[in-house]
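The values are calculated or read from the model by the stated rules, or taken from the named source; none is laboratory data. Predicted model, so just to flag it, every value in this text is computed and none were measured. As a convention, Cβ positions derive from the backbone with ideal geometry for all residues, glycine included, and neighbour counts pool all protein chains shown.
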Amino acid sequence: MYKHFVFFVTLLVLFGFAAKAQDPDTTTVKPAIDSATIKEDAVTSPAFVPKITKEKRYYPDSLHSPHKAVMRSLMIPGWGQVYNKKWWKVPIIYTGLGLLGSAIVFNQKYYNQFLAIAQYRRKGQVPAPTAKYYKEFQEYAEAPTDFIENSVNGYRRNRDLSILGVLGAWGIQMIDAYIDAKFIHSYTMDDDLSFRIDPGLISQPMYAGNFNNAYIPGIKLTFTF
């Protein structure tokens, strides 16, 4: 009887240890965190602050006046370019103005001619042999009236467009003189000089067109100044 009691107590003790071994250890000690490491990381990893780009400021040359350049180009085409020491632009300006001027003269001449013929036809008259456009009237005697009227409108339109072209060219050379005097004859005080590297794809040259890939990897450098 005593042996059975001891055996029963022993089994209870073994089952108690087995159940204790299966329970999870909820008292596991967490590793200590080094506060010095946290402080070091906070110092070496500052917060990201976006860079603020400054607007370029131009400081004009006090000895060179954009107002003078514009006024001189207004009075005489190309004078502002001469003032800005851009001599090579003067022939271009006068070539353009000369072509537009010749277009005005050409279209005005034929506009007057066809207008006179159209007026004779509207009145049902034939000019005298001594009249200014008698020869032209006889030359276009068989031409339809619609052709004469369309010629009048066409040459008038081309003449007006040529006049607008002269005004536009005159204004463009004034703007060009102002830009040269304002920005070319000036300087900046900023230090905005940087470059950026970007990966990308580049189309293959013609001699490499037989390869399977149409594009090859490359690197793009962008300079800002």
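Evaluate segment 133-142: report whether one residue or more is over 23 Å from GLY96 (Cβ atoms) and among the polar types (S, T, N, Q).
Within segment 133-142, one or more residues are over 23 Å from GLY96 (Cβ atoms) and among the polar types (S, T, N, Q).
Quick check on segment 121-135. Is at least one of its residues in contact with a Pro (Cβ under 9 Å, 6 or more places away or on another chain) and not charged (D, E, K, R)?
Looking through segment 121-135, at least one residue is in contact with a Pro (Cβ under 9 Å, 6 or more places away or on another chain) and not charged (D, E, K, R).
ARG122: over 26 Å from ASP176 (Cβ atoms), of a type in the set (D, E, K, R), in the same structural domain as ALA69 (by TED's automatic domain parsing) and within 42 Å of the chain's Cα centre (by Cα), yes or no?
no
Residue-by-condition table, conditions (1) assigned to a helix (DSSP H, G or I); (2) exposed (fewer than 11 other Cβ atoms within 10 Å of the Cβ):
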position	(1), (2)
ARG122	yes, no
VAL126	no, no
THR130	no, yes
ALA141	no, yes
SER151	yes, no
GLY154	yes, no
ARG159	yes, no
GLY165	yes, no
ALA169	yes, no
